[in-house]
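Comments concern the structure below.
The values are calculated or read from the model by the stated rules, or taken from the named source; none is laboratory data. Given the structure is predicted, the values throughout are model-derived calculations rather than measurements. Here Cβ is always computed from backbone atoms with ideal geometry, including for glycine, and neighbour counts include all displayed protein chains.
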Amino acid sequence: MAQYGYTREIGIGARSAQIDEGLRAHMNKVYGLMSVAMLVTFAVAWAVGSTPALVAAIFGTPLKWVAMFLPLVMVFAFGAMVGRMSAAAAQLFFYVFAAAMGLSLASIFVVFTGTSIAQTFLVTAIAFAALSLYGYTTKRDLSAMGAFLIMGLVGLIVASIVNIFLASSALAFAISVIGVLIFAGLTAWDTQNIKNTYIQHAMHGDQEWLGKAAVMGALNLYMDFINLFMFLLQFMGQQRE
């Protein structure tokens, strides 16, 4: 009987170690996918934003509305279609989405100086790393604040769309402050959610599902980073003269 209990403890310990190893590999994949998508986004944004002819052709014409809203349409479409996609197709779609996001963000290289963009990116990277690490390591259950953050996000999107037409500086400032707080919270919450989702499904051994889960996790963290960067840029960005 004692031998059986000892054997069972060994089995549980081995399974726990296997899950921990798999979790580290899964999180590395999530951060790796996210990093590649970030490179794609900023490469496209810089290439378009530093080419006056492209800036004029896109942001000086009605095409600017396509550039602005295409990423939003794509992210909702991705959420609806990912269940029917293969992991490889989901990853490709993610990178195409990252390129579309880069096109949408190209105007920051026209409005803000390159130095202030780089400084804001560095601050965002440090803040994101700290928040994501907190979400990964904390023992506190962050799920309770998830619904609150999502509701705040919906309100933020609506307010941002409305302010496109109102062009209110006071509302823009309020949106930026609230946006920083919401995406700071979402960074920690999404990281913990990615971790918990993997642990819940780790023993199923469905590599295709885990591959798509990694893409979805990378997309969520990517969106957190991009939005945190954009809202911080409103405070830290130095406009070109």
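Below, the figures for the structure above:
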read-out	value
Residue match in the range 116-135 (condition: farther than 17 Å from Asp224 by Cβ, at pLDDT 90 or above, surrounded by 14 or more Cβ atoms within 10 Å (Cβ to Cβ) and of a type in the set (Val, Ile, Thr))	yes
Index of the failed condition, Leu92 passing every other in (1) surrounded by fewer than 14 Cβ atoms within 10 Å (Cβ to Cβ); (2) modelled with pLDDT under 90	(2)
Candidates Leu103, Leu156, Leu171 - the one that is more than 17 Å from Gly237 (Cβ to Cβ), among the hydrophobic types (A, V, I, L, M, F, W, C) and touching a Gly at 6+ places or on another chain (Cβ under 8 Å)	Leu156
Test for Gly79: is it at pLDDT 90 or above, surrounded by fewer than 16 Cβ atoms within 10 Å (Cβ to Cβ) and within 16 Å of the chain's Cα centre (by Cα)	no
Pairs where the first residue, in the range 39-55, is in contact (Cβ under 8 Å) with a residue 24 or more places away in the chain and the second is surrounded by 14 or more Cβ atoms within 10 Å (Cβ to Cβ) and not hydrophobic (A, V, I, L, M, F, W, C), C-beta under 6 Å, 6+ apart	Val40/Tyr95; Thr41/Gly102; Val44/Gly102; Ala45/Gly102
Criterion: surrounded by 13 or more Cβ atoms within 10 Å (Cβ to Cβ), of a type in the set (Phe, Trp, Tyr) and in a helix (DSSP H, G or I) - qualifying residue of Phe165, Phe183, Phe148, Phe173	Phe183
Number of the exception - Tyr198 against (1) within 18 Å of the chain's Cα centre (by Cα); (2) within 23 Å of Pro71 (Cβ to Cβ); (3) surrounded by 15 or more Cβ atoms within 10 Å (Cβ to Cβ); (4) not acidic (Asp, Glu)	(2)
Residue tally, condition within 21 Å of Ala37 (Cα to Cα) and at pLDDT 85 or above, over the range 193-210	3
Enumeration of residues in the range 57-105 that are in a loop (DSSP other than H, G, I, E, B) and in contact with a Ser or Thr (Cβ under 7 Å, 6 or more places away or on another chain)	none
Condition met for Phe109 (free of Cβ contacts under 8 Å to residues at least 12 places away in the same chain and aromatic (Phe, Trp, Tyr))	no
